[in-house]
Amino acid sequence: MMIIRPVTMDDRDAIIELAEKTGVGFTSLRPDEKRVQDRLERVLNTWRQKASLEEQGYLFVLEDTETKKVVGLSGIEVAIGLDEPWYNYRVGNIVHASKELSVYRSMPALFLSHDHTGFSELCTLFLDPDYRHSQNGYLLSKARFLFMANFPDRFSDRLIAEMRGFSDENGRSPFWESLGRHFFNMDFAQADHLSGTGKKTFIAELMPKHPMYVEFLTQEAQDVIGKVHPQTEPAAAILNSEGMKYENSVDIFDAGPTLEARVEDIRAVKDSSLWPVSILPDSSASENEQDSDSPVYLLANQDYLNYRSVLAKVAFEQDQIKILPEIAEALGVKEGDVIRAVTLFPEEKA
């Protein structure tokens, strides 16, 4: 069975192993032992309620309970941009007009912005390539929404997710080559590494503060503004289906899109419900499993310190949710406990 749970310090080596499988542009998960150690200490302090607001963040792992192997990671930052500036580009327009000459020109431009300061952020979503099947990616991504639905006071009411921007098979970013390189005089991979290790002051020191005209960039760079890296397209599609949309903000390095939404408007938050648990007897298991037409549900307990989330087929009867014994065990719940449930996909209705 695949299960989502909070990260522990024992997961450190597994996380470093996962980080070694990421590529250029994945700044929030790098194979740096100290960086991983510091991140784990920070998120564990968050769960213990010992972290200040600007330090708070959560990490969840996807574990294969049969092999006890950690195969995926996903996170939430509680409030971005409070300890250091949060930079992105807002894609807008500058109008040049002359009534005397009857000339009117609206030109797209990039404006350096801090608009998302204080927002919560979905981050660090990575799934081992060998496990990119059987709806594992959906569980890894969407389990965070039920955690936020359970504990809304611990997050901002606005949420973003930065999507990895386009780069080719050699790690070359057309946007960086056309814009960033002129101001930073370094390769995209080097700038990406510095940003991912927390050394972001160079951005403020070297980034131009005035708007940048999009038409001054190469056509190749213009074409990738707001474009998602091919390996990130499935993750973006999941968030799009839950109501997170591109609102013309992009990453300053690779121009990857930032998806945004109000937490209360996210489908898995808005449509999820709390249900008392009824545990099916073992004899009902085969009957329940044979109902192949019933939707798959995303389930989560309400235990803050021991949060668990799984995918399962369920049944509803007399205002109760009926689940199999192994599902109850995975969630750490007993008869009469309350769990949160929502259909895995938006088109499916209870």
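The table below lists the values:
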{"item": "Any hit, the range 17-35, residues being crowded, with 18+ Cβ neighbours inside 10 Å, part of a helix (DSSP H, G or I), in contact with a Leu (Cβ under 9 Å, 6 or more places away or on another chain) and not assigned by TED's automatic domain parsing to the domain that holds Asn306", "result": "yes"}
{"item": "Answer from Val78, Val71, Val91, Val95 - the residue that is among the β-branched types (Val, Ile, Thr), crowded, with 16+ Cβ neighbours inside 10 Å and farther than 30 Å from Asp13 by Cβ", "result": "Val91"}
{"item": "Residue in the range 253-264 that is nearest to Asp187 (Cα to Cα), counting only those that are surrounded by fewer than 20 Cβ atoms within 10 Å (Cβ to Cβ) and more than 14 Å from the chain's Cα centre (by Cα)", "result": "Arg262"}
{"item": "Which listed residue, of Ala109, Ala97, is touching a strand residue (DSSP E or B) at 6+ places or on another chain (Cβ under 9 Å), in contact (Cβ under 8 Å) with a residue 60 or more places away in the chain and outside the structural domain of Ile203 (by TED's automatic domain parsing)", "result": "Ala109"}
{"item": "Counted residues, the range 99-142 - those being in a loop (DSSP other than H, G, I, E, B), hydrophobic (A, V, I, L, M, F, W, C) and surrounded by 16 or more Cβ atoms within 10 Å (Cβ to Cβ)", "result": "1"}
{"item": "The range 45-67 residues that are farther than 17 Å from Ala14 by Cα and in contact (Cβ under 8 Å) with a residue 12 or more places away in the chain, paired with ones that are among the polar types (S, T, N, Q) and assigned to a loop (DSSP other than H, G, I, E, B) (beta carbon under 9 Å, 6 or more apart)", "result": "Thr46/Gln56"}
{"item": "Residue check, Gly171 over 30 Å from Trp47 (Cβ atoms), out of contact with any Cys (no Cβ under 7 Å at 6 or more places or on another chain) and surrounded by 22 or more Cβ atoms within 10 Å (Cβ to Cβ)", "result": "no"}
{"item": "Restricting the range 295-322 to residues that are within 28 Å of the chain's Cα centre (by Cα) and farther than 18 Å from Leu140 by Cβ, the residue that is surrounded by the most Cβ atoms within 10 Å (Cβ to Cβ)", "result": "Val314"}
{"item": "So Glu242, is it closer than 28 Å to Ile327 by Cα, at pLDDT 95 or above and not assigned by TED's automatic domain parsing to the domain that holds Ala315", "result": "yes"}
{"item": "Residues of the range 222-251 that turn out to be under 12 Å from Phe166 (Cβ atoms), touching a Lys or Arg at 6+ places or on another chain (Cβ under 9 Å) and part of a loop (DSSP other than H, G, I, E, B), as a count", "result": "2"}
{"item": "Selection count where residues are over 27 Å from the mean Cα position of the chain (by Cα) and not hydroxyl-bearing (Ser, Thr, Tyr), scope the range 74-108", "result": "12"}
{"item": "Counted residues, the range 52-68 - those being part of a strand (DSSP E or B) and among the basic types (Lys, Arg)", "result": "0"}
{"item": "Flag if Ile80 is modelled with pLDDT of 90 or more, in a loop (DSSP other than H, G, I, E, B) and within 30 Å of Leu217 (Cβ to Cβ)", "result": "yes"}
{"item": "Residues being modelled with pLDDT of 95 or more and surrounded by fewer than 15 Cβ atoms within 10 Å (Cβ to Cβ) - total across the range 272-294", "result": "3"}
{"item": "Filtered residues of the range 124-175 (kept if modelled with pLDDT of 95 or more and among the basic types (Lys, Arg))", "result": "Lys142, Arg144, Arg154, Arg158"}
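The values are calculated or read from the model by the stated rules, or taken from the named source; none is laboratory data. This one's a predicted model, so the numbers in the text were calculated from it and none came from an experiment. As a convention, Cβ positions derive from the backbone with ideal geometry for all residues, glycine included, and neighbour counts pool all protein chains shown.
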